[in-house]
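Derivation of every value follows stated rules applied to the coordinates shown; laboratory data play no part. On a predicted model such as this, the values are computed, not experimentally measured, just so you know. Backbone-built Cβ (ideal geometry, glycine too); neighbour counts: all protein chains shown.
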Amino acid sequence: MTDPSPSGPEFDPSKVTVIFVLGGPGAGKGTQCESLVNDYGFVHLSAGDLLRAEQQRKGSQYGALIADYIKEGKIVPMEVTIALLQNAMRETLNAQQGGEGGQVVAEEHRAKWSDGKGRFLIDGFPRKMDQALKFDETVCPSRFVLFLHCTEEVMLQRLLKRGETSGRTDDNVESIKKRFQTFVETSMPVVDHYRKQDRVVEVDSVASKEQVYSEIRKAVDLTFEKLGEQ
Ligand code: UDP
Ligand code: MG
């Protein structure tokens, strides 16, 4: 893993669009990101998925640490998560130019990825203030935050249902309670920080996947229009 650069963000925010997707555990971040990928040509990077992959990577020095943090619903030290995201972004951008690793975007969206341009949905990150400040400073400031608002009751039901098949060590009542607590105490201050900067686009995510997605599209289109993006 490489260290974050000491001076300024690695990626130029005028070329690389980063949108943070936040919301409680089970709010529907991953599900909604999949639809956004198809319609807008984003590449979806889930911080949780990257951490789980690193945990399973043979020879990783962080495997045991990540496993423990995830089960306890705690936030893994930011250096690990930021390095994983930064590497994935770099690989993805290089991949469009024929480099190794990283996902190549679908043909219809290639134009949005020409000349070093790119657009990322970063899902489930930042969930703690230190991560937010460090990422903005050293990797790439985000364009805006898409915040999915859901009740704990609904999130609990979704996570328990997912737990029947997900195989995730944190989709059980005990871990879910801890994740809710971390969300309220540690992650909501991040949302509030961006709210103060008027950079949060909020969508209620209690309804069905399709209904929520249609609201998200409207909100994203409106925000892109305001920001002059296509
Ligand atoms: N996690 C973390 N830092 C992050 C994102 C995730 O430490 O920036 C850990 C944390 O323990 C969290 C777990 O990964 O509870 C699962 O995150 P994921 O986003 O997969 O869960 P979701 O919110 O989508 O249910
Ligand atoms: Mg997720």
Practice prompt. Would you kindly state how much longer the chain becomes between E137 and R162 on full extension, computed as 0.36 nm times their sequence separation minus their alpha carbon distance, in nm to one decimal?
Written response: 5.5 nm
Practice prompt. Show which aspartates and glutamates lie in cross-link reach of K161 when reach means a straight Cα distance below 18 angstrom and same-chain residues fewer than eight apart are skipped.
Written response: E152, E153, D170, D171, E174
Worksheet entry | Computed over the chain: relative contact order in percent, which uses C-alpha pairs under 8 Å that are six or more apart | 32
Discussion item. Under 8 Å for C-alpha pairs, at least 6 residues apart: give me the relative contact order for region 14-70, rounded to a whole percent.
Written reply: 16
Worksheet entry | Cα gyration tensor shape of region 1-101, rounded if a/c is under 1.5, else prolate or oblate by comparing a/b with b/c | oblate
Practice prompt. For region 45-58, just list the computed ³J(HN,Hα) in residue order, Karplus coefficients 6.51, -1.76 and 1.60, θ = phi - 60°, integers in Hz, with x standing in for Gly and Pro.
Written response: 10, 9, 4, x, 5, 5, 5, 5, 5, 5, 4, 8, 5, 4
Worksheet item: Which whole-number percentage describes the relative contact order of region 87-180, with Cα contacts under 8 Å and a sequence gap of 6 or more?
Response: 12
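Only counting other Cβ atoms within 10 Å, I'd like T165, T151, T92 sorted with the fewest neighbours first.
The fewest-first ordering by Cβ neighbours comes to T165, T151, T92.
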Fill in: Largest-first principal axis extents of the Cα set of the chain (Å)
47, 43, 34
Worksheet entry | Placed amide H near F144: partners under 5 Å, 5+ positions off or other chain | F20
Worksheet item: Based on DSSP H runs of at least 4 residues, each adding -39500 (n - 2.57), what is the mean residue ellipticity at 222 nm of the chain after dividing by all its residues, to the nearest 500 deg cm²/dmol?
Response: -15500 deg cm²/dmol
Worksheet entry | Label-zone membership for region 45-76, site E174, 7 angstrom Cα→C-beta point, backbone N under 11 Å | 72
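When the Cα atoms of region 162-230 are enclosed in a convex hull and the volume is divided per residue, what value in Å³ results?
In region 162-230, the Cα hull volume divided by residue count equals 132 Å³.
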Fill in: Those lysines that a straight Cα-Cα span of less than 24 Å connects to K226, excepting residues fewer than 8 apart in one chain
K15, K29, K112, K117, K196, K218
Response to the item:
Taking r as the C-beta separation of N87 and D204 and R0 as 35 Å, the FRET efficiency to the nearest 0.05 is 0.55
Response to the item:
If the chain between D39 and Q211 were fully extended at 0.36 nm per residue, the gain over the current Cα-Cα distance would be 60.3 nm
Item to complete: Using only the Cα atoms of region 142-198, build the gyration tensor, take square roots of its eigenvalues as a ≥ b ≥ c, and label the shape rounded, prolate or oblate: rounded if a/c is under 1.5, else prolate if a/b is larger than b/c, else oblate.
Response: prolate
Worksheet item: Size of the dipole of region 89-230 about the Cα centre, Lys and Arg at +1 and Asp and Glu at -1 on the beta carbon, nothing else charged, in debye to 20?
Response: 100
